[in-house]
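Worksheet: one structure, shown below.
The values are calculated or read from the model by the stated rules, or taken from the named source; none is laboratory data. Remember, it's a predicted structure, so these values are computed and weren't measured experimentally. Here the Cβ is made from the backbone with ideal geometry for all residues, glycine too, and neighbour counts use every protein chain on show.
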Amino acid sequence: MGLKPDHWIRKMALEHGMIEPYVGEQIRNGVISYGVSSYGYDIRVSNEFKVFTNVHSAIVDPKSFDPKSMVDVVSDEPILIPPNSFALARTVEYFRIPRRVLTICVGKSTYARCGIVVNVTPFEPEWEGYVTLEISNTTPLPARIYPNEGIAQVLFFEADEECLYSYADKRGKYQKQQSIVLPQV
């Protein structure tokens, strides 16, 4: 399994619809960068968020997550994540991962240097959809997030052979998600 360079990412995006919309260069001037990079793709956070609130004193339970614990925010202006809290968001980009490919996604250093951690699980072979992002504010101050700008980098790894069972074969519960999806069991 090997890490894939920018020309492979470009080919897979343009010929096979792996990333839509695809930005074939790295956009940097005045924004948190996004688009293709040397060995990955810098994804953007959309303008749709679910910001965690504890007004109902709920317990965070992945098997029984209370949707009332989230406040929906749609804004093209920067949004604030409360201190020591988090938000869920989705990517601008829609992904179609090939059967021989696995991705790892890591947060951008610009946010990490401010105490903002972005967590995304791997995109499994034949997973498809908008990515749900978890953005944690680890600081005791409100944190600003910029919609439609870079948030994390996806690294692509191609295997020497196809997996026996892909995410699509297993009928994964987050397949083809079109919006921010809360935890499901």
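Restricted to the range 132-162, and to residues that are of a type in the set (Phe, Trp, Tyr) and over 20 Å from Arg113 (Cα atoms), which residue is surrounded by the most Cβ atoms within 10 Å (Cβ to Cβ)?
Narrowing the range 132-162 to residues of a type in the set (Phe, Trp, Tyr): 146, 156-157.
Those left that are additionally over 20 Å from Arg113 (Cα atoms): 156-157.
Values: Phe156: 23, Phe157: 14.
Only one residue fits best here, namely Phe156.
So, Ala152, is that one under 24 Å from Ala13 (Cα atoms), touching a Lys or Arg at 6+ places or on another chain (Cβ under 9 Å) and either part of a loop (DSSP other than H, G, I, E, B) or modelled with pLDDT under 95 (or both) or not? Steps first, answer last, please.
Details: under 24 Å from Ala13 (Cα atoms): yes; touching a Lys or Arg at 6+ places or on another chain (Cβ under 9 Å): yes; either part of a loop (DSSP other than H, G, I, E, B) or modelled with pLDDT under 95 (or both): no.
So Ala152 fails the test.
Checked against (1) under 28 Å from Trp8 (Cβ atoms); (2) more than 14 Å from the chain's Cα centre (by Cα), Val131 passes all but condition (2). The one condition from (1) closer than 24 Å to Pro5 by Cβ; (2) surrounded by fewer than 16 Cβ atoms within 10 Å (Cβ to Cβ); (3) out of contact with any Phe, Trp or Tyr (no Cβ under 7 Å at 6 or more places or on another chain) that Glu20 does not meet is (3).
Which of the strands (runs of 3 or more DSSP E) found entirely inside the range 23-136 contain at least 3 residues meeting this: in contact (Cβ under 8 Å) with a residue 24 or more places away in the chain, in contact with a Phe, Trp or Tyr (Cβ under 9 Å, 6 or more places away or on another chain) and among the hydrophobic types (A, V, I, L, M, F, W, C)?
On the way: elements: 40-52, 70-74, 79-81, 85-96, 101-107, 116-119.
Because the criterion is at least 3 residues that are in contact (Cβ under 8 Å) with a residue 24 or more places away in the chain, in contact with a Phe, Trp or Tyr (Cβ under 9 Å, 6 or more places away or on another chain) and among the hydrophobic types (A, V, I, L, M, F, W, C), the strands (runs of 3 or more DSSP E) in the range 23-136 that meet it are 40-52, 70-74, 85-96, 101-107.
The requirement of being of a type in the set (A, V, I, L, M), buried (at least 19 other Cβ atoms within 10 Å of the Cβ) and modelled with pLDDT of 95 or more is fulfilled nowhere in the range 69-77; no residue meets it. Restricting the range 163-185 to residues that are surrounded by 11 or more Cβ atoms within 10 Å (Cβ to Cβ) and aliphatic (A, V, I, L, M), which is nearest to Pro125 (Cα to Cα)? It comes out as Ala168. Would you say Gly115 is on the phi > 0 side of the Ramachandran plot and modelled with pLDDT of 95 or more? So Gly115 passes the test. Residues considered: Tyr146, Tyr111, Tyr130. Of these, the only one that is aromatic (Phe, Trp, Tyr) and over 17 Å from Tyr41 (Cα atoms) is Tyr146.
Of all residues in the range 106-150, those satisfying the criterion of being farther than 19 Å from Tyr39 by Cα and aromatic (Phe, Trp, Tyr) are Tyr111, Trp127, Tyr130, Tyr146.
Checking each residue in the range 137-149 for being touching a residue at least 60 places away in the same chain (Cβ under 8 Å) and not in a loop (DSSP other than H, G, I, E, B) picks out Ala143, Arg144, Ile145. In the condition set (1) surrounded by 18 or more Cβ atoms within 10 Å (Cβ to Cβ); (2) closer than 20 Å to Arg10 by Cα, Ile104 is compliant with all but (1).
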